[in-house]
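The values are calculated or read from the model by the stated rules, or taken from the named source; none is laboratory data. Here the structure is a predicted model, which means the values were calculated and not measured. FYI the Cβ positions are ideal-geometry reconstructions off the backbone, even for glycines, and counts take in every protein chain you see.
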Amino acid sequence: MKAQFMFVMMFAFFHTGCSQRLKRGTIELKCHFYVETFNVNPFGVDEDYLTDSLNFRMFVGKYDVEHETFTYVCKEDSLIIYKKAEDTSGKWKKVDSLHLSKEYFIENKADSSKPLFKFK
């Protein structure tokens, strides 16, 4: 009985620890894009998705929440996505960026499983 309980508890811990959970509510950007952030494991890895809630939902990428982040800047009907990482001095530096139009997201909505940024 005790061994069965321990097995169920271990299974529940690993199952809930590795499932995707919405970390915070959907954030609306000024250019009518929305960012959804999910916690994907208990070791501090999150992933972001971009959507306009009608036409597309794109996987931006995964990041280590302690040392990396994505920031989003609206420019008219397009979006600039910056991937930032913390350097050894503790300052945030831009390590990569993409400038994408809303048309790009709508045209490439079928390819939403590939991340826009690679996780390192």
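Counting residues in the stretch 37-56 that are of a type in the set (F, W, Y), more than 24 Å from H99 (Cβ to Cβ) and at pLDDT 80 or above gives one or more.
In this structure, S97 does satisfy being more than 19 Å from E28 (Cα to Cα), touching a residue at least 12 places away in the same chain (Cβ under 8 Å) and small (G, A, S).
I'm trying to understand the selection: among the residues of the stretch 64-99, which are surrounded by 14 or more Cβ atoms within 10 Å (Cβ to Cβ) and modelled with pLDDT under 90? The one that is surrounded by 14 or more Cβ atoms within 10 Å (Cβ to Cβ) and modelled with pLDDT under 90: S78.
Would you check if there is a residue in the stretch 14-24 being of a type in the set (D, E, K, R), under 17 Å from the mean Cα position of the chain (by Cα) and at pLDDT 60 or above? No: zero hits.
For the stretch 78-97, a tally of residues being touching an Asp or Glu at 6+ places or on another chain (Cβ under 9 Å) and more than 25 Å from S113 (Cβ to Cβ) returns 3.
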